[in-house]
Amino acid sequence: MTKSTIETKKQSQMEANKRYRAKNRESYNAYMKKYQKDRYVNDPVAKERLRTQQRKYVARKRAEKLAAKSAEETEEIVLQPK
């Protein structure tokens, strides 16, 4: 097989996959939602990974909020007349 033949087959397969996904998107989304739910409920490793990601997100958001509040307080102090 030549390189162009392989590329053509790859391209046609990608287009076929895209058409299939578009046609079956609703049922696929329902399947994937159920799969992810079952996976996180039953798999302790995946559950712990998800918890870790959530904790990092919450910590980052708290730090951003605290930094914004601190900057706001500093700004108020600087702008107050003496």
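Couple of notes before you dig in:
- On the basis of the beta-carbon distance and an R0 of 25 Å, residue 18 and residue 46 show a calculated FRET efficiency of 0.30.
- For the chain, the solvent-accessible area with a 1.4 angstrom probe is 99 square angstrom per residue.
- Calculation over all alpha carbon pairs of the chain in 10 angstrom steps from 0 returns a P(r) of 14, 17, 17, 20, 16, 10, 5, 1, 0 percent.
- Too-long pairs where the Cα-Cα distance tops 28 Å, listed order kept, from 33/61; 37/61; 34/65; 9/37: 34/65; 9/37
The values are calculated or read from the model by the stated rules, or taken from the named source; none is laboratory data. Just so it is clear, the model here is predicted, and its values are computed rather than measured. Neighbour counts run over all protein chains shown; Cβ positions are idealised from the backbone, glycine included. Just so you know, the surface numbers come from the protein's heavy atoms only, side chains and all, with ligands and any DNA or RNA stripped out. Shrake-Rupley method; radii C 1.70, N 1.55, O 1.52, S 1.80 Å.
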